[in-house]
Amino acid sequence: MKLYAKDLQNYLNKEVIFAGWVHSKRILGKIAFIILRDKTGFLQATFKKDILKEKFHKVKHIQNESVVKVMGTIQEKVGGGYEILVKDFSIINESEPLPIEIWNPDIKTQFIKRIQYRPLDLRRPETLTIFKIRNSVIQYFREYLLNKGFIESQTPKIVLMGAESGADVFKVDYFRKTAYLAQSPQLYKQMLMASGIDQYFEFGWYWRAEKSHTSRHLTEFYGLDVEMAWINDHYDILDFVGDMLKYVLKRISKSNKESLDLLGLHIDIPKSIPRISLKEAYKILGQLGKKLKYGSDLDSESERLLGKYFMEEYNEPIVFITNYPWSERPFYHMRLEEDPFWTKSFDIFYKGLEISTGAQREHRFEVLLKQAKEKNVPLEPLKYYLETFKYGMPPHGGFGLGIDRFVKQLLDLKDIREAVLWFRDPEHLSP
Ligand code: AMO
């Protein structure tokens, strides 16, 4: 096992082997200092000519960012910390001069070039931290759901039809049949509600062949899908998701303090998440000078305006907007009994960006079939999905939450591309 810099205090006056990257180098005649780095910190390696004899001259040729292994004794360093007095060393992998800047305080390398050299970019603590927090985000969502008794599993990603609009799908040549990459696990997670797994979630990839060039769209993105049965209506789901979001944000704020400090961030925890219907949102937008056609969806400017309004007026970073028009929602959303123009649906906005969509689903077979026909959804590939609704399907609903968008908003990143290791958009398939 590697000895990490953070554990050096346990090895005082002991002989050890330490490996890491060369962070910096200083040569003063017969003595040289190399600062070695690993993911946990730094160690000064002290090289002396009288110990290393003729091997000493090799130290001068070691380039920054090379991987080096040193053997020697751990000592306390004057001024605090530890150093290793090197008895022997080897260069494991030499580095050429880096093609991107990583240690300048003011990085000028363009993001697109940083992505071409993403592993090097990830040596920067600020970049690495994004992925440490992303890792925690996924862990805390999972933790919350498992503690509530949900079951996590996985559903097929090579499918016969797109689960959402059906448009914007990537085709796959599947042994001479045409298949598609899943747009979402929607149909499968709903089918599970008839199975006894009445509280289900999965993390997984979504693919959408959308030619969007925005700071919030990817063609391949990662999502959390949740589905639950025995609900009364979509407000039950919002009660659940509200508690979950508060839990995750509190947990990040407490357990990832060091990472947040490095990025200079403070997390606002929602207190009482505002919940308004789309009709009410139209009114607020009207007061803010933005007119939307009655029955239309929110555009990105409206999302931003509402986010700003609820932050300024109520100090709330998250907003739930409910009851979207049937014309704007997929066939599986349940319509309001009293006014079927609207659906029992919602979108969740975090700092002015949609991070999640959900709804109570239509569970009555005849109504669902009628709705699918009304939206001109091809019925043949839906056969097994629709069948499930004939044999005892409980009322149910759920939501899909974009992890990349959540991380973008959480960390105030300018672009969703910063929140994924290697992104896919209409122009980028490599690296
Ligand atoms: P929807 O299509 O709204 O809903 O997707 C759910 C969430 O996924 C994220 N998202 C995206 N993230 C990055 N790039 C994109 N191109 C992109 N498109 C969507 C958003 C969005 O809120 N089946 C339903 C969910 C449900 O009802 O359970 C669905 O897929 O954060």
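Summary of values
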item	result
Number of the exception - Ile267 against (1) outside any helix (DSSP H, G or I); (2) within 16 Å of the ligand (Cβ to nearest atom); (3) surrounded by 14 or more Cβ atoms within 10 Å (Cβ to Cβ)	(2)
Residue that is nearest to Glu101 (Cα to Cα) [pool: residues in segment 124-138 that are out of contact with any helix residue (DSSP H, G or I) (no Cβ under 8 Å at 6 or more places or on another chain) and surrounded by 14 or more Cβ atoms within 10 Å (Cβ to Cβ)]	Arg124
Single match in Pro395, Pro426 (criterion: over 19 Å from Phe203 (Cα atoms), touching a residue at least 40 places away in the same chain (Cβ under 8 Å), within 13 Å of the ligand (Cβ to nearest atom) and out of contact with any strand residue (DSSP E or B) (no Cβ under 6 Å at 6 or more places or on another chain))	Pro426
Selection status of Ile416, farther than 26 Å from Ala179 by Cβ and surrounded by 15 or more Cβ atoms within 10 Å (Cβ to Cβ)	yes
Condition broken by Trp103, with the remaining ones in (1) modelled with pLDDT of 95 or more; (2) out of contact with any Gly (no Cβ under 8 Å at 6 or more places or on another chain) satisfied	(1)
Condition check for Ala194: away from the ligand (no atom under 11 Å from the Cβ), farther than 13 Å from Ala163 by Cα and crowded, with 21+ Cβ neighbours inside 10 Å	no
Selected residue [under 16 Å from Leu421 (Cβ atoms), among the basic types (Lys, Arg) and either modelled with pLDDT of 95 or more or exposed (fewer than 15 other Cβ atoms within 10 Å of the Cβ) (or both)] from Lys157, Lys113	Lys113
Filtered residues of segment 351-392 (kept if within 16 Å of the ligand (Cβ to nearest atom) and β-branched (Val, Ile, Thr))	Ile355, Thr357, Val377
Counted residues, segment 182-212 - those being more than 20 Å from Val137 (Cα to Cα), modelled with pLDDT of 95 or more and charged (D, E, K, R)	3
Output for segment 307-333, where each listed residue is farther than 30 Å from Leu369 by Cβ and surrounded by fewer than 16 Cβ atoms within 10 Å (Cβ to Cβ)	Lys308, Glu312, Glu313, Tyr314, Asn315
Residue list for segment 198-242, filter: within 11 Å of the ligand (Cβ to nearest atom), of a type in the set (D, E, K, R) and under 21 Å from Thr322 (Cβ atoms)	Asp225, Glu227
Any hit, segment 283-306, residues being within 16 Å of the ligand (Cβ to nearest atom), closer than 24 Å to Tyr200 by Cβ and surrounded by 14 or more Cβ atoms within 10 Å (Cβ to Cβ)	no
Which listed residue is without any contact (Cβ under 8 Å) to a residue 60 or more places away in the chain and either of a type in the set (Phe, Trp, Tyr) or surrounded by 15 or more Cβ atoms within 10 Å (Cβ to Cβ) (or both), from Ile348, Ile355	Ile355
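Residues checked against (1) in a strand (DSSP E or B); (2) within 24 Å of Ala45 (Cβ to Cβ); (3) in contact with a strand residue (DSSP E or B) (Cβ under 9 Å, 6 or more places away or on another chain):
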| site | (1), (2), (3) |
| --- | --- |
| Ile84 | yes, yes, yes |
| Lys87 | yes, yes, yes |
| Thr109 | no, no, no |
| Pro119 | no, yes, no |
| Glu126 | no, no, no |
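Results for (1) at pLDDT below 95; (2) within 30 Å of Asp121 (Cβ to Cβ); (3) among the small types (Gly, Ala, Ser); (4) assigned to a helix (DSSP H, G or I), shown as yes or no for each residue.
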{"residue": "Met1", "(1), (2), (3), (4)": "yes, yes, no, no"}
{"residue": "Gln9", "(1), (2), (3), (4)": "yes, no, no, yes"}
{"residue": "Ala19", "(1), (2), (3), (4)": "no, yes, yes, no"}
{"residue": "Val22", "(1), (2), (3), (4)": "no, yes, no, no"}
{"residue": "Ile34", "(1), (2), (3), (4)": "no, yes, no, no"}
{"residue": "Thr46", "(1), (2), (3), (4)": "no, no, no, no"}
{"residue": "Asp50", "(1), (2), (3), (4)": "no, no, no, yes"}
{"residue": "Val59", "(1), (2), (3), (4)": "no, yes, no, yes"}
{"residue": "Glu65", "(1), (2), (3), (4)": "no, yes, no, no"}
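The values are calculated or read from the model by the stated rules, or taken from the named source; none is laboratory data. These figures come from a predicted structure and were not determined experimentally. Cβ: placed from backbone, ideal geometry, glycine included. Neighbour counts: every protein chain shown.
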